[in-house]
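The block underneath contains the structure these notes are about, expressed in structure tokens.
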Amino acid sequence: MKTTLMLAAAALATTAALAARSLKAQETTLRVVSAFSENTQYVKNLEGFIGKVNNAGKGVVHLNFIGGPKAMPPFEVGNAVRTGVVDIALTTGAFYTNIMPEADALKLTQLPATELRKNGGHDLINKIWSEKANMVYLARITDYSPFHLYLTKKIDKPDLDGLKIRITPVYRDFFQALGATVMQTPPGEVYTALERGVVDGYGWPIHGIFDLNWHEKTKFRVDPGFYNAEVSIVMNLDKWKSLSPQQRDLLNREAMALEANHDFWKKYNDGEIRRQKEAGIQVISFDAATAKQYYDKAYEVGWASIIKASPQYGPQMRKLFSR
Ligand code: 173
């Protein structure tokens, strides 16, 4: 009797140990990097996502945040995801146009991410991202956030002739169409470029200029804003395929929960506008007709450039991304 009990106990212990080990074996750790610096709101929201995944994914999937631009230069992040050097990244399409021109079209979405999930826009993005960039487009982390032109010199009409403006692919065609001389830099070089007077302004979303202290060097913000700042979480496609359905479901569920929370940005942006005002940044605005021309031109030039570079997907994206 005693022997039977001991054998039973030993068998139970073995089963428990095996179960624990197989649970451990199922947990996949994924490496995450960010093209934006750690102190940005983008990364704060990313960390919220990571926390939720890790909490819900105990024994299933674990996200390990490696770091921001100090860990990897922003314009290299896309390629690192494509080739599997990292598994997941927080980045923006403008930073990986070297992989495919379509990446930059995400700035042109006029529908929120939740609606793009419903109208086929999200599926189209994933089709292109898998085909051309070996990526899964997991979730958009920003919405309802226009880009603006910020200046150190006053203008009284949308004419940037004689001005040198810091850009990324987001703003290149638009600012050039307005007559600017442009210079591309990663975010980390904007402060120094302003400080040295190498540029007279820069493009950036309505939020975030305080994160890298650019407010110290910024005198004007030009209204209206244009486009829809896009920062997203993307993943290496091979890694995605290697996950179990349970692991993928978990990531998808948290991705959708994140997008469902995008009203966050409306409030955050209101606060940022207030803060800019308090910092003494003056708003340059145009009469209604000129403002409309400025805004329309941004989209006209933006889509023309995407469609020229991608006659295959540009028109499809335009149809699903536009109001
Ligand atoms: O660096 C940039 O100005 C840029 O392209 C961008 C894109 C999305 C969010 C913030 C910045």
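Taking the residues in region 97-121 that are away from the ligand (no atom under 13 Å from the Cβ) and of a type in the set (Lys, Arg) as candidates, determine which candidate is farthest from Pro74 (Cα to Cα).
Lys118
Within region 52-111, how many residues turn out to be among the hydroxyl-bearing types (Ser, Thr, Tyr) and within 18 Å of Lys239 (Cβ to Cβ)? Show your work before the answer.
Applying the first criterion (among the hydroxyl-bearing types (Ser, Thr, Tyr)) to region 52-111 yields 83, 91-92, 96-97, 109.
Checking the rest, the ones that are also within 18 Å of Lys239 (Cβ to Cβ) come to 83, 91, 96.
Within region 52-111, residues that are among the hydroxyl-bearing types (Ser, Thr, Tyr) and within 18 Å of Lys239 (Cβ to Cβ) number 3.
Identify, please: which residue in region 175-195 is within 13 Å of Asp159 (Cβ to Cβ) and buried (at least 19 other Cβ atoms within 10 Å of the Cβ) and is, among those, nearest to the ligand (Cβ to nearest atom)?
Going through the qualifying residues, I end up with Phe175.
How many residues are under 17 Å from Ile206 (Cα atoms) and in a loop (DSSP other than H, G, I, E, B) if we restrict to region 283-321? Full working, then the answer.
We begin by selecting, within region 283-321, every residue under 17 Å from Ile206 (Cα atoms); these are 283-285, 291, 294-295, 298.
Those still in the list that are in a loop (DSSP other than H, G, I, E, B) too: 285.
So the answer is 1.
Among the numbered criteria (1) surrounded by fewer than 22 Cβ atoms within 10 Å (Cβ to Cβ); (2) modelled with pLDDT of 95 or more; (3) not hydroxyl-bearing (Ser, Thr, Tyr), which single criterion is violated by Leu212?
For Leu212, the exception is condition (2).
Conditions tested, residue by residue: (1) of a type in the set (D, E, K, R); (2) buried (at least 16 other Cβ atoms within 10 Å of the Cβ).
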| position | (1), (2) |
| --- | --- |
| Glu259 | yes, yes |
| Asp263 | yes, no |
| Asp270 | yes, no |
| Ile281 | no, yes |
| Asp287 | yes, no |
| Lys292 | yes, no |
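Within region 140-154, how many residues are in a loop (DSSP other than H, G, I, E, B), under 15 Å from Gly203 (Cα atoms) and in contact with a Leu (Cβ under 8 Å, 6 or more places away or on another chain)?
Residues in region 140-154 being in a loop (DSSP other than H, G, I, E, B), under 15 Å from Gly203 (Cα atoms) and in contact with a Leu (Cβ under 8 Å, 6 or more places away or on another chain): 2 in total.
Here is a list: Asn213, Asn252. Which entry is more than 24 Å from Gly162 (Cα to Cα) and free of Cβ contacts under 8 Å to residues at least 24 places away in the same chain? Give the steps one after another, and end with the answer.
Working: Asn252 fails: free of Cβ contacts under 8 Å to residues at least 24 places away in the same chain.
The unique qualifying residue is Asn213.
Among the listed residues Phe147, Phe220, Phe210, identify the single one that is touching an Asp or Glu at 6+ places or on another chain (Cβ under 8 Å) and not hydroxyl-bearing (Ser, Thr, Tyr).
Residue meeting the stated conditions: Phe210.
How many residues does region 213-231 contain that are within 12 Å of the ligand (Cβ to nearest atom) and in contact with a Ser or Thr (Cβ under 7 Å, 6 or more places away or on another chain)?
4
Six or more apart or on different chains, Cβ under 6 Å: which pairs go from a residue in region 222-247 that's at positive phi to one that's hydrophobic (A, V, I, L, M, F, W, C) and at pLDDT 95 or above? Could you list them?
Tyr227/Phe147
The values are calculated or read from the model by the stated rules, or taken from the named source; none is laboratory data. Predicted model only: the values in this text are computed from it and were never measured. Neighbour counts are summed over all protein chains in view; Cβ atoms, including those assigned to glycine, are modelled from backbone coordinates with ideal geometry.
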